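My questions will all concern the structure given below.
The values are calculated or read from the model by the stated rules, or taken from the named source; none is laboratory data. This is a predicted model, so every value here is computed, not measured. We place every Cβ from the backbone using ideal geometry, glycine too, and count neighbours over all the protein chains shown. What goes into the accessible areas is simple: the full protein's heavy atoms, side chains included, and nothing from ligands, DNA or RNA. Shrake-Rupley method; radii C 1.70, N 1.55, O 1.52, S 1.80 Å.
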Amino acid sequence: MSETAVKRRRSRGGRQARDGSPGQNPHLERPYIKRNIPTYDLLGDEALEQIEATADRIMAEIGIEFRDDPETVEMFRMAGGEVTQLDPTRWNIKFAPGMIREILKTAPAVFTQHARNLANNVEIGGDNVVFAPSYGSPFVMDLDKGRRYGTLEDFQNFVKLGQMSPWLHHSGGTVCEPTDIPVNKRHLDMVYAHMRYSDRAFLGSVTAPERAADSVEMCRILFGTDFVDQNCVIMGNFNTTSPLVIDGITSKGIREYAKAGQGSIHLPFLLGGAVSPLTLAGSAAQCLAESMVSCAITQLERPGSPAVLASFISSMSLRSGSPTFGTAEPALGSLVFGQLARRLNMPLRCAGNFSTSKLPDAQAMQQSMMSMMSAVQCGANYLLHSAGFLDGLLSMSYEKFMLDLDLCGALHAYYDGVQVNEDTLGFDALAEKGPGEHLFSTAHTMRHYKTAYYDSALDDNQPWETWDEQGEVDMATRANLRWKAQLAAYEAPGMDPVKDAELKDFVARKKASMEDAWY
């Protein structure tokens, strides 16, 4: 194909050019959740104002340190930041109270991330909720092979399992590290896997600015250059270096996504007592300052580009110094941060199905429920780590993935809330047969029996005797059987073969242009 023809195809874009399917996903229950329950406001206005004032003091009196990125420093200088050069590659920038909030006014409160199958587009912000799988684990585990380093096959398996689920809305990003692929090349395989084995929205690479650029360029091939310029089709998940540092790899990567009009998530990873105050109010103030400044980079680069405020407030074991996940205090932190995000009128990412358990056991699900419900109640819009998180994020578990998916399914029903109308009040169910009669065969029961309750794919609600006769199978074993069955039933969504060939060619050329790097 000639270079001119390739450019013409890439410019046209459109669903037919990137999607060989009929525009439906037979597995997806709904493209995203529309919240029908209220958020929980933990703090009053006075307390929230104190946290915001402390965040302003952090930005104005202590400042944020930037490293290895003079272009971002100059952007903040031109916007009014007070810049002090610390050495040739480090700058401290202080921001007058209100400056960063003013910059963030151009960030959209709600935005659409487009999938290659437009039926799977997600709305992020407002009353919308998007579940995405866990992110970043170097290890994977299952009941058969135990804990081991992740491979590209594992990565592809988790993308496929996500695509098969009716309860995940987003394909995620680095669902596990494919450690059998060189560090400088694995981003190409990961982005391609999301594009080929799923037709849902996904995250791109953030580990180097050039890898962020590759991720966007692959989207231009898949979606069309003009479409990408006008629409969000990919996001990057960026971490600040707490406390109060944004390094050049992060800031340059943020600008790569923003200049292309693409989305980004801005997450301080705060470990109380180590890189943030032990107290929740102090951690919330620091998290707000770091995330706001990181988000502001996007608006200086390209006003209106999507940015997601984020919170990852974590506790630690003060006896050992080890991080702890799924505990009560960070759950309260999520509730506070939900209020802060609403006051800024920005989309929020926080919490997920967190656990430090080493097995898909009772500890895993107890901690996950504590953390996940905080995200539900605080009003989070994008829930990364919704499935698979185990071992303090060091391991991606096949069985935990399936257990978490089942919980996500139940949460769809929880988010729907309670409808009250003539039909749901059920007077006719009681009136049809009168006192003392069962309702199994009433017209009301027959109308609702398929949809009244969430039907778990994993729970065992049989009598003890039946369970005993069937082998006393526990839930982790049922999850093990289910992920295997789901992979066996997987079929790849359709894709335009021309687009697929262009993507493979881009990956091959990029890989051939550099030597393997393993660190």
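Please indicate, with yes or no, whether at least one residue in region 45-59 is over 30 Å from Gln377 (Cβ atoms) and either of a type in the set (D, E, K, R) or surrounded by fewer than 16 Cβ atoms within 10 Å (Cβ to Cβ) (or both). I'd like the intermediate steps shown before the answer.
The initial filter retains those residues of region 45-59 that are over 30 Å from Gln377 (Cβ atoms), namely none.
Checked against the condition, which is being over 30 Å from Gln377 (Cβ atoms) and either of a type in the set (D, E, K, R) or surrounded by fewer than 16 Cβ atoms within 10 Å (Cβ to Cβ) (or both), region 45-59 yields no hits at all.
With Gly282, Gly326 as the choices, which residue is surrounded by fewer than 21 Cβ atoms within 10 Å (Cβ to Cβ) and of a type outside the set (A, V, I, L, M)?
Every option except Gly282 fails the conditions.
Condition first: assigned to a loop (DSSP other than H, G, I, E, B), surrounded by fewer than 24 Cβ atoms within 10 Å (Cβ to Cβ) and not hydroxyl-bearing (Ser, Thr, Tyr). Now tell me which residues in region 188-223 satisfy that. Spell out the reasoning first.
First pass over region 188-223, keeping only residues assigned to a loop (DSSP other than H, G, I, E, B): 198-200, 204-208.
Going one step further and asking which of them are surrounded by fewer than 24 Cβ atoms within 10 Å (Cβ to Cβ), we end up with 207-208.
Once the filter is applied, which keeps residues that are assigned to a loop (DSSP other than H, G, I, E, B), surrounded by fewer than 24 Cβ atoms within 10 Å (Cβ to Cβ) and not hydroxyl-bearing (Ser, Thr, Tyr), region 188-223 yields only Ala208.
Looking at region 110-130, I want the residues that are modelled with pLDDT of 95 or more and have a partner that is surrounded by fewer than 20 Cβ atoms within 10 Å (Cβ to Cβ) and of a type in the set (A, V, I, L, M, F, W, C) with Cβ atoms under 8 Å, at least 6 apart or on another chain. Which pairs are those?
Correct list of pairs: Glu123/Val110; Ile124/Val110; Gly125/Ala109; Gly125/Val110; Gly126/Ala109; Gly126/Val110; Asn128/Val110.
Output the residue which, of all residues in region 60-80 that are free of Cβ contacts under 8 Å to residues at least 60 places away in the same chain and closer than 19 Å to Gln286 by Cβ, is least open to solvent (accessible area, probe 1.4 Å).
Result: Ala60.
Here's something else I'd like to know. For the structure I just gave you, tell me whether Ile234 is among the β-branched types (Val, Ile, Thr), closer than 15 Å to Gln299 by Cβ, at pLDDT 95 or above and open to solvent by less than 10 Å² (accessible area, probe 1.4 Å).
no
Something else about it: Can you name every residue in region 237-259 that is surrounded by fewer than 24 Cβ atoms within 10 Å (Cβ to Cβ) and assigned to a loop (DSSP other than H, G, I, E, B)?
Passing the criteria: Ser242, Pro243, Leu244, Asp247.
Please indicate, with yes or no, whether at least one residue in region 326-346 is assigned to a loop (DSSP other than H, G, I, E, B) and within 30 Å of Lys105 (Cα to Cα).
The answer is yes; a qualifying residue exists.
Out of Gly63, Gly81, Gly44, report the one residue that is at pLDDT 95 or above and either on the phi > 0 side of the Ramachandran plot or among the polar types (S, T, N, Q) (or both). I'd like the intermediate steps shown before the answer.
Values: Gly81 fails: either on the phi > 0 side of the Ramachandran plot or among the polar types (S, T, N, Q) (or both); Gly44 fails: either on the phi > 0 side of the Ramachandran plot or among the polar types (S, T, N, Q) (or both).
Criteria check complete, one pass: Gly63.
Moving on. Give region 415-460 a look and list any residue that's closer than 30 Å to Ala476 by Cα, open to solvent by 70 Å² or more (accessible area, probe 1.4 Å) and in contact (Cβ under 8 Å) with a residue 12 or more places away in the chain, or say none. Spell out the reasoning first.
Keep residues of region 415-460 that are closer than 30 Å to Ala476 by Cα, which gives 415-417, 449-460.
Cutting the leftovers down to open to solvent by 70 Å² or more (accessible area, probe 1.4 Å) gives us 449-451, 453, 455, 459.
Once the filter is applied, which keeps residues that are closer than 30 Å to Ala476 by Cα, open to solvent by 70 Å² or more (accessible area, probe 1.4 Å) and in contact (Cβ under 8 Å) with a residue 12 or more places away in the chain, region 415-460 yields Tyr453, Asp459.
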